Number of protein chains: 2
Amino acid sequence: MIFEDVVKKAVEETSGGLAAIIMAKDGISLSQYLREDIGAMDLEALGIEFANLLTEIKKAAESMEAGEVKEVLLTTEKYLAIIRILNPEYFIALICSPNANLGKGRFLLRVKAPALLKEL
Amino acid sequence: MIFEDVVKKAVEETSGGLAAIIMAKDGISLSQYLREDIGAMDLEALGIEFANLLTEIKKAAESMEAGEVKEVLLTTEKYLAIIRILNPEYFIALICSPNANLGKGRFLLRVKAPALLKEL
């Protein structure tokens, strides 16, 4: 399955990649992958937080007349999250350690987006 | 003044840079700079939207136990926004065209942050 393949590859091929999830904006996960050696992470709960945030960000973008939201990057002390909006229903999020290879992670999500979109 | 200097340089030295603002989380602007040739942009209103968003993002980061939020990048059809959190009170946002030099913009905000922090 393409969904399983993309989340796994995004994590494995990004230096510092920890987990990835494809989720609907209502918080239902379509596919997810968590690196085995990183211990416990409630990936579904993280995805739901992202889904809520994306709703807020979309509202803000509308007020700003900024057009459709395409990508959100979020850096915190513990994580770097790359979130790419696939269509109005789905997004893919790659969660990395803060010193991850941001460029590679963004690239992987961007080049895989068209193939994911075909199946959504 | 360092604030005026930093917002101006961030815009002028980033290819695709349009505007920059240093703002308190309550939506009061400390310093702003808008490239003269880009026409009308309600930079203060944009900043207020960012301030609101950062409040939501901070709440989400707390639920995720992700630590302090450091940076947010937001790509829409019309803009690329780089937002760096300076301290719990202030942030700096650089607004660019979507095809801007993201790496340069991030770099400029990051290296200027310590000097801004000294004055805040």
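The values are calculated or read from the model by the stated rules, or taken from the named source; none is laboratory data. All of these numbers come straight from a predicted model, not from anything done at the bench. All Cβ positions, glycine included, derive from the backbone under ideal geometry; neighbour counts span all protein chains shown. Please note that ligands, DNA and RNA were not included when accessible areas were found on the heavy atoms of the full protein model with its side chains. Shrake-Rupley method; radii C 1.70, N 1.55, O 1.52, S 1.80 Å.
Odds and ends about this structure:
- Number of positions in segment B:42-57 that are at the interface with chain A (Cβ under 7 Å from one of its Cβ atoms), within 24 Å of residue A:86 (Cα to Cα) and either open to solvent by less than 40 Å² (accessible area, probe 1.4 Å) or of a type in the set (A, V, I, L, M) (or both): 2
- Condition check for residue A:85: open to solvent by less than 10 Å² (accessible area, probe 1.4 Å) and β-branched (Val, Ile, Thr): no
Residue-by-condition table, conditions (1) aromatic (Phe, Trp, Tyr); (2) at the interface with chain B (Cβ under 9 Å from one of its Cβ atoms); (3) within 14 Å of the chain's Cα centre (by Cα):
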residue: A:67; (1), (2), (3): no, yes, no
residue: A:83; (1), (2), (3): no, no, yes
residue: A:91; (1), (2), (3): yes, no, yes
residue: A:118; (1), (2), (3): no, no, no
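- Pairing residues of segment B:11-39 that are among the polar types (S, T, N, Q) with residues that are surrounded by fewer than 14 Cβ atoms within 10 Å (Cβ to Cβ) and at pLDDT 95 or above, at Cβ distances under 8 Å and at least 6 apart in sequence or on separate chains, gives B:31/B:4.
- Counted as qualifying within segment B:1-97 are the strands (runs of 3 or more DSSP E) with 2 or more residues that are of a type in the set (A, V, I, L, M, F, W, C) and farther than 17 Å from residue A:61 by Cα, namely B:17-24, B:29-34, B:90-96.
- If the condition is being over 14 Å from the mean Cα position of the chain (by Cα) and surrounded by 14 or more Cβ atoms within 10 Å (Cβ to Cβ), then segment A:69-81 contributes A:76, A:78.
- Qualifying residue in segment A:22-41 (condition: open to solvent by less than 10 Å² (accessible area, probe 1.4 Å), of a type in the set (D, E, K, R) and within 23 Å of residue A:98 (Cα to Cα)): no
- Hey, residue A:60 without any contact (Cβ under 8 Å) to a residue 24 or more places away in the chain, more than 22 Å from residue B:80 (Cβ to Cβ) and of a type in the set (A, V, I, L, M) or not: no
- Among the residues of segment B:25-48, the ones that are of a type in the set (Asp, Glu) and at pLDDT below 90 come to 3 in all.
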